[in-house]
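Student: Attaching a single structure in structure tokens format; questions to follow.
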Amino acid sequence: FLAGRGGQPQERGAQQARSMLCARLRGSLRLIALDDIHYLQAEEKYVVVHHARGEDLIEESLKSLEEEFASRFIRIHRNCLVARHELVELRRGSGGQVQAVLRHGKQPLEVSRRCVATLKQELRHL
């Protein structure tokens, strides 16, 4: 904690936003630039970070990442946040479900019905 105005404690994160996520990898730490992230997907108690160099696990909740990086990521499903700069298209699949097509995605990601309206609205303003 740092002293803020009037001697009140101020969290260090309030001063500067993070530009990296940190993943543990067999005893070492790997930094992943936010700009390199394609999407974040929750799997049990971890979040899988899909990025330009592959995939890594981090121990942060999807909810906390969504709150911290709301300007960078958008929720498309209960278990998935997509980088706004990666979204290129929303399309209907053969079964009628909506899918998000990513710039660097191998396959489209499923969009939950609950997220479709918000996602369409957001896409119009990207």
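Student: In the set Gln99, Gln107, which member is part of a loop (DSSP other than H, G, I, E, B), within 27 Å of Arg53 (Cβ to Cβ) and not β-branched (Val, Ile, Thr)?
Tutor: After applying the criteria, what remains is Gln107.
Student: Here are some residues: Val82, Val116. Which one is more than 24 Å from Gln16 (Cα to Cα) and either not hydrophobic (A, V, I, L, M, F, W, C) or not in a loop (DSSP other than H, G, I, E, B) (or both)?
Tutor: So the residue among Val82, Val116 that is more than 24 Å from Gln16 (Cα to Cα) and either not hydrophobic (A, V, I, L, M, F, W, C) or not in a loop (DSSP other than H, G, I, E, B) (or both) is Val116.
Student: Quick check on segment 1-39: of everything there that is touching a Leu at 6+ places or on another chain (Cβ under 9 Å) and among the hydroxyl-bearing types (Ser, Thr, Tyr), which residue is modelled with the lowest pLDDT?
Tutor: Residue satisfying both the conditions and the ranking: Ser19.
Student: So which residues in segment 78-96 are farther than 17 Å from Glu55 by Cβ and within 14 Å of the chain's Cα centre (by Cα), if there are any at all?
Tutor: The answer is Arg78, Arg84, His85, Leu87.
Student: Need pairs with beta-carbon distance below 7 Å; first residue farther than 22 Å from Asp36 by Cβ and within segment 103-126, second among the aliphatic types (A, V, I, L, M) and assigned to a helix (DSSP H, G or I); sequence gap 6+ or separate chains.
Tutor: Note: pairs meeting the criteria are Val111/Leu119.
Student: Check whether at least one residue in segment 40-49 is assigned to a helix (DSSP H, G or I) and among the polar types (S, T, N, Q), and report yes or no.
Tutor: No, the conditions are met nowhere in segment 40-49.
Student: From the list Ile37, Ile58, Ile32, which residue is touching a strand residue (DSSP E or B) at 6+ places or on another chain (Cβ under 6 Å), farther than 18 Å from Val116 by Cα and touching a residue at least 40 places away in the same chain (Cβ under 8 Å)?
Tutor: Matching residue, one of Ile37, Ile58, Ile32: Ile37.
Student: Could you tell me which residue of segment 40-54 is nearest to Glu110 (Cα to Cα), considering only residues that are touching a strand residue (DSSP E or B) at 6+ places or on another chain (Cβ under 6 Å) and modelled with pLDDT of 95 or more?
Tutor: The selected residue is Gln41.
The values are calculated or read from the model by the stated rules, or taken from the named source; none is laboratory data. Computed from a predicted model, the values in this text were never measured in an experiment. With ideal geometry, Cβ positions are generated from the backbone for all residues, glycine too; neighbour counts draw on all protein chains shown.
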